[in-house]
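A.B. asks: Just passing along the structure, written as C-alpha cells.
The values are calculated or read from the model by the stated rules, or taken from the named source; none is laboratory data. What you see is a predicted model; the values in this text were computed from it and never measured. Cβ coordinates were reconstructed from backbone atoms using ideal geometry, including for glycine residues, and neighbour counts include every protein chain displayed.
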Amino acid sequence: MNVRGPILSVGEVRSVDTKYGERDLAELTVRPDDGAADAATVTLWGKWTHTAEHAEPGMELLVTDAERDDHGDREGYTTSKESYVVLEPDFLVDVTDVRSWVQCPRMYYLNKLSGVPLNYPVVKGTIVHEVFGDLLRGVDLEESIEDQVADAGLELGLLGREREEVVDEVRRNAAAIEGWLNQGTLTPEGDEAGTAPSEWDGTPAETDWRSEYTLISPTFGVKGRADALRRGMPVELKTGKNTNRDPRFQDKIQAACYALLLRERGVPADTGTLLYTKNTALDRSEASGDLSPAKEFSVGKGLLEFVVRTRNEIAATEFDVSVPTGFEADAKCEYCFEQDTCMVVSGRLDQESKAGQIGTPLPEEERDYFDRSYRAIEEERRETHAEYRKLWEQTAEERAADDRALVDLDPLDREELPGGRWRLRARKDPEAVSKLREGDVALASDGDPAAGHSELCRIEELGEEVAVTTDEPVDLRRLDVYPSEISVDRMLTALHDALLKGDSDRKDVLFGRREPEFADGDDTFIDNNESQNRAVNRAVNAEDFALVHGPPGTGKTYTIARIVRALVERGDRVLLSAFTNRAVDNALEALREQGFEGAVRYGTETGVRGDMQDVRLVRRGEPNDRAAELNGASVVAATTAACGSRAMREQGFDVALVDEASQLTEPGTLAAVNLADGFVLVGDHEQLPPVVRAENDLQRSLFQRLIEDHPDAGVMLDRQYRMSQRIQAFSSSEFYDGALRPATPEVAGQTLADLGVDADVLPPELRANVAFVDPDGRREGNANPAEAERVAAVVESYVDAGVPRGEIGVIAPFRAQVAEIGRRTDVTVDTVDRFQGSSEEVIVVSFVATDSLDSPIFEDPRRMNVALTRARKALCLVGDADALASDPFYRRMLDWARR
Ligand code: SF4
C-alpha cells in the first residue's frame, strides 16, 4: 500500500537493536490520504533515514509499498524492503539535475542560474546526439553528419569553427555509435532489434531501438528524456572519453534515473549503457585503459534507492529555496570546470561555498531584488509543475473541458519526412476547442501522455484535421498543452546575467541609486504628431533608458520604426524585440515600409510570418557565412524569449528596443535589455499585464515599475488613429486621465456610414456608435448560449446593413463562450488576449456573466480596456445589465454605453 500525506513532525534518527542487528530508524508523523486521515506514525528504516534528515513539517511524503505497523491504539506504517520514500513527489526534478547534483549540489544550482552557455563542447555534443538519433532512425551516417553540422551552422560560426574540422570530429565520435549499433543489431535477437520505427507500437518493452524517449514519473517526481532505449534498457550518450572499465558515477546515476522511470511503467530495466563516443577517437597507440566506448552496468535496487534519495535532497532544497554550499558533496573544487563561476556567484551573493568567494557582494537592495525574483521564478516553476501534474491527475475529459487538450482524435495517417521525422494526421471533433494553436509545441500521445506513449510535437495544422510533426511516430489520439519550463529557466539566467554579470552603472538606475540621464538634443523626426516626435527624441537622447507609453491606436509601431531608424542613422547597432512574434514582425514591417532594409529577423521558420521569411536568419549552412550575417546586421529583430537563446546571449547591441514591454515580466524584459548598453521600452501598463501562473512580483512589468518611478523618462503617445470619439471616451477617462484624444477630426467623427452602411437599416438598438444589448441569457459554466445566439444575431444585423464580415470581431471572456459563438457565426471570435494588438471596424463584446461578476477574469479592468479599444466605428456590448451594474467599474461602463 502507498502512504501519502503532509508531514506534521519529524523525529530524530536513532539506532535500535533488531533481530537483524542494530538498525537506524526515524519516525515521522504524517496525515495519510493526502491529509484526510488521522495522523499516523511512519517509520523510515535504514538508508531511508537519510531522507528523514531532509524532511520538514509541511512537506509531502510518499512511501510506496508501506506495511501496517500498529501499536495498541496507535496507527502506523513502516517502510518495507520494496518501499521507496519520496519527498515532495509533486516537485518534478529533471534527470540532468540529479546528475549534476551528485557531481556537486552547487553545480546544480549554478547550472540553473547561468544556463547552458554557447561553447564548442555543448554544440558538438548536440550534433553527436542528433546523429545518434538519425542512425537509430536508419539515416545514412555521412548524410546525417553533413546534415546535422549544417544545421548547427550559425552556432559553429559564432564559435569560429570551420565546417570540415567539425565534420571530422563528429565523424570520429559517430564511429563509436555506428560500431556499437551494428554490434547491437547483429545479436541473436537481431531480427527484432532492427525493427523499423514505423512498426514501433509505443511500448518501451519492445525489443527495439528508440531514440529520445520522454519519461515523466508521477510517483517519483522525476522527468527527463532518455537518449535512447535499447530493448527497453536506457542508453546514454557521452561525447567525452572514459578509459576506465566502469561508467562515471554521475553518468550511471543518469541512466539509473531512466531505469527507475521505465520500471514504474512495468519495463524491467535492469541494465544501463553509457556510450563514450570519444573513446574511438583516441589514438590507440598513445591512449591506455579500456578504450571500448560502450560500458554497461547493472541497475540494482540499491542504486535506484540512491537515485530517489538524491532526488529527495533536491526536492527538499527547493522546498525552502535554500542554496547548496558544495560542502554537501565530496567533489574536489580544483578539478571542477565550474570553479570560476562558482566563486563569482558565491562572492556576488555572499554565499558560503566550498570553492570560496571572489568579488564584492551585491548592494543590499540588489541582493533583496535577486532573492525576491529568484523566489518568484521558483514559484512560477512550481505552477508549471502543477500543469504537468494535470497530465495524469485529470481525466481526458477534464483536460478537454479545461481547454488544455484535444482528446478522442481519430488517427488518419503517418508519413515519414526527409531526415527521419514524421508527420502524423488525425481527425478531431469539429466542436472541440483548446488553448492549442498552430505553431505550438505540444505533447502528442496515444491517449495517455503520462503512462502511455507520448512525443513532443509541433502543430502544423489545426482544423477539422490535425497535423503534427514528431521525431518518432505515435498513435495520434490526444494532443496536450506542453507545460515547458524553458521560460522559467530563461528568466533565471536573465536575472543572473543582469545582476551578477551586469554593468554597475546600469544597475544604479535600475535600482534607483541615480536618475536616468538624457542628452539635450531636439530634432524633428516626425512632423505631424508632436507626442510621437517627443518619444523619438526621448529615445535617441537617452543615456540609460527611455519609456514610450503607447495607448491603443496611437501609432506605436510607426514610432518604434522611426526610433530604430534614427538610432541606426547615428551608427548604433539595435536589437528590436517584443514579447510575441507578431509584434516583432509588425515592427519589422513598419521599418521596411519606412524604407529600411538592413534588418535580420532571428526566429524559427514557423514563428516568423511568411512575408518576413526573406529577412529571416537561416541558421543552417556554412558556419562563417551564417555568423557573418548575424554579426553584420545593424538591426536584429527577435522575441525576448529568443534573446535568451545560446546564440543571442553572445550578441551585443548599443540599444535594445522592446515592444509589448508591459506584457513582460521583469526578468523576461531583462533577457533583451542585458544585451545592450541602453534600452527603450514601449508598452501600455493600462492594457494586459504579464501572463504568469503564480501570483507574485512577476505580474508587474519592468515597464510599469520604471514608468511609475521615473515618469519623466517616459513619453505618452496621446493621439490615437483608431477609434471614433464616442468609442474612445470611456477608455480615455478611465485609464489615461482624459489625455487620449483622436488624432484628427476624421478619426473622431468616423461612423459606419463611411463604410457605405445605411444606419437606418440597423435595428434601433444598434444605430449608435456604442450600443448595449441585454439578451436576458443565463450563464452555464463558462458559456451563455442565449447570449451567444444574440451575439450572432447582432453580427448578422451589421452584415445585413453592409458591414463586410472580415471587418467584424467578437470578443468573449471564456474559450467556452468563444466556441459557443463560433458555432453560430463565421466572423472572427476570440478571447481578449488574442485580440490585443489588433482592431476591427465593428467589435461585439460578450460578457457571459449573469447575476454577478464572480470570476477572476472580470477583476482586472485593463482587460476591458483592451476589449473596448479594438473597435473603430461601432462597438456593441452584449451582457446582463444587473451583473454589470454590480461592480462600480462595469456600472460606469454601462452608463457610458447607454448614454
Ligand atoms: S567549485 Fe567546488 S563547490 Fe563549486 S560547483 Fe565545483 S565542486 Fe562544487
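A.B. asks: Say we look at the range 599-621 and pick out the residues that are surrounded by 13 or more Cβ atoms within 10 Å (Cβ to Cβ) and small (Gly, Ala, Ser); which of these is nearest to Gln836 (Cα to Cα)?
C.D. replies: For the range 599-621, the residue satisfying everything is Gly607.
A.B. asks: If you don't mind, there's one more thing I want to ask. Quick test for you: out of Ser487, Ser531, pick the one residue that is in a helix (DSSP H, G or I), under 30 Å from Val93 (Cα atoms) and in contact (Cβ under 8 Å) with a residue 24 or more places away in the chain.
C.D. replies: Numbers: Ser531 fails: under 30 Å from Val93 (Cα atoms).
Going through Ser487, Ser531 in turn, just one is in a helix (DSSP H, G or I), under 30 Å from Val93 (Cα atoms) and in contact (Cβ under 8 Å) with a residue 24 or more places away in the chain: Ser487.
A.B. asks: In this structure, does Glu88 turn out to be free of Cβ contacts under 8 Å to residues at least 60 places away in the same chain and among the charged types (D, E, K, R)?
C.D. replies: no
A.B. asks: To continue, here is another question. Of the numbered conditions (1) touching a residue at least 40 places away in the same chain (Cβ under 8 Å); (2) away from the ligand (no atom under 14 Å from the Cβ); (3) more than 30 Å from Glu60 (Cα to Cα); (4) outside any helix (DSSP H, G or I), Val321 fails exactly one; give the number of that condition.
C.D. replies: All conditions are met except number (3).
A.B. asks: Can you name the residue in the range 138-166 that is among the charged types (D, E, K, R) and surrounded by 21 or more Cβ atoms within 10 Å (Cβ to Cβ) and, of all such residues, is nearest to the chain's Cα centre (by Cα)? Steps first, please.
C.D. replies: Narrowing the range 138-166 to residues among the charged types (D, E, K, R): 140, 142-143, 146-147, 151, 155, 161-165.
Now narrow it down to the ones that are surrounded by 21 or more Cβ atoms within 10 Å (Cβ to Cβ): 155, 161.
Values: Glu155: 22, Arg161: 30 Å.
For the range 138-166, the residue satisfying everything is Glu155.
A.B. asks: Of all the residues that make up the range 98-125, how many are of a type in the set (Gly, Ala, Ser) and more than 15 Å from the ligand (Cβ to nearest atom)?
C.D. replies: Count: 2.
A.B. asks: Could you check the range 243-279 and list, in sequence order, the residues that are buried (at least 21 other Cβ atoms within 10 Å of the Cβ) and over 34 Å from the mean Cα position of the chain (by Cα)?
C.D. replies: Asn279 - this is the single residue of the range 243-279 that is buried (at least 21 other Cβ atoms within 10 Å of the Cβ) and over 34 Å from the mean Cα position of the chain (by Cα).
A.B. asks: Report the residue count in the range 571-598 for those that are buried (at least 21 other Cβ atoms within 10 Å of the Cβ) and among the β-branched types (Val, Ile, Thr).
C.D. replies: Residues flagged as buried (at least 21 other Cβ atoms within 10 Å of the Cβ) and among the β-branched types (Val, Ile, Thr) within the range 571-598 amount to 2.
A.B. asks: Starting from the range 502-521, keep only residues that are within 22 Å of Arg372 (Cβ to Cβ) and among the acidic types (Asp, Glu), then list their pairs with residues that are surrounded by fewer than 16 Cβ atoms within 10 Å (Cβ to Cβ) and at pLDDT 90 or above whose Cβ atoms are within a distance under 7 Å, requiring at least 6 positions of separation or different chains.
C.D. replies: Taking only residues 6 or more apart or on different chains, the pairs are Asp508/Arg514.
A.B. asks: Any residue at all in the range 689-707 that is of a type in the set (Asp, Glu) and touching a His at 6+ places or on another chain (Cβ under 9 Å)?
C.D. replies: No: the range 689-707 contains no residue that is of a type in the set (Asp, Glu) and touching a His at 6+ places or on another chain (Cβ under 9 Å).
A.B. asks: Considering only residues that are more than 22 Å from Leu158 (Cβ to Cβ) and either part of a loop (DSSP other than H, G, I, E, B) or charged (D, E, K, R) (or both), look in the range 586-598 and name the one that is modelled with the lowest pLDDT.
C.D. replies: Once the filter is applied, the top-ranked residue is Glu597.
A.B. asks: Of Arg705, Arg693, which residue is under 22 Å from the mean Cα position of the chain (by Cα) and either part of a loop (DSSP other than H, G, I, E, B) or surrounded by fewer than 23 Cβ atoms within 10 Å (Cβ to Cβ) (or both)?
C.D. replies: On inspection, the qualifying residue turns out to be Arg693.
A.B. asks: Please give the helices (runs of 4 or more DSSP H) falling wholly within the range 338-440 in which 3 or more residues are touching a Lys or Arg at 6+ places or on another chain (Cβ under 6 Å) and either within 16 Å of the ligand (Cβ to nearest atom) or within 20 Å of Val481 (Cβ to Cβ) (or both). Break it down into steps so the answer makes sense when it comes.
C.D. replies: Numbers: elements: 339-349, 364-393, 396-401.
Hits in the range 338-440: none.
A.B. asks: Within the range 733-754, can you find the residues that are within 17 Å of Val770 (Cβ to Cβ), surrounded by 17 or more Cβ atoms within 10 Å (Cβ to Cβ) and in contact (Cβ under 8 Å) with a residue 24 or more places away in the chain?
C.D. replies: Glu734, Phe735, Leu740, Val747, Gln750, Leu752
A.B. asks: Do any helices (runs of 4 or more DSSP H) entirely within the range 599-671 hold 1 or more residues that are of a type in the set (Ser, Thr, Tyr), and if so, which? Even if it seems obvious, please write down each step before you answer.
C.D. replies: Working: elements: 623-631, 640-643, 646-649.
Once the helices (runs of 4 or more DSSP H) in the range 599-671 are filtered for at least 1 residues that are of a type in the set (Ser, Thr, Tyr), what remains is 640-643.
A.B. asks: Hey, another quick one. Kindly list, by first and then second residue, each pair from a residue in the range 698-716 that is closer than 13 Å to Ala535 by Cα to a residue that is hydroxyl-bearing (Ser, Thr, Tyr) and not in a helix (DSSP H, G or I), limited to pairs with Cβ atoms under 9 Å and residues at least 6 apart or on different chains.
C.D. replies: Filtered contacts from the range 698-716: Met716/Thr554; Met716/Tyr736.
A.B. asks: Could you pull out the residue among Ala566, Ala494, Ala546, Ala535 that is under 13 Å from Asp659 (Cα atoms) and at pLDDT 95 or above?
C.D. replies: Unique residue meeting the criteria: Ala546.
A.B. asks: Now a separate question. Is it fair to say Asp65 is surrounded by fewer than 21 Cβ atoms within 10 Å (Cβ to Cβ), in contact with a Ser or Thr (Cβ under 7 Å, 6 or more places away or on another chain), in contact (Cβ under 8 Å) with a residue 60 or more places away in the chain and outside any strand (DSSP E or B)?
C.D. replies: On the way: surrounded by fewer than 21 Cβ atoms within 10 Å (Cβ to Cβ): yes; in contact with a Ser or Thr (Cβ under 7 Å, 6 or more places away or on another chain): yes; in contact (Cβ under 8 Å) with a residue 60 or more places away in the chain: yes; outside any strand (DSSP E or B): yes.
Spelling it out, Asp65 is indeed surrounded by fewer than 21 Cβ atoms within 10 Å (Cβ to Cβ), in contact with a Ser or Thr (Cβ under 7 Å, 6 or more places away or on another chain), in contact (Cβ under 8 Å) with a residue 60 or more places away in the chain and outside any strand (DSSP E or B).
A.B. asks: Still on this structure, please answer the following. Filtering the range 324-337 down to residues that are under 31 Å from the mean Cα position of the chain (by Cα) and over 26 Å from Phe91 (Cα atoms), which residue is nearest to the ligand (Cβ to nearest atom)?
C.D. replies: Taking the candidates together, the pick is Cys336.
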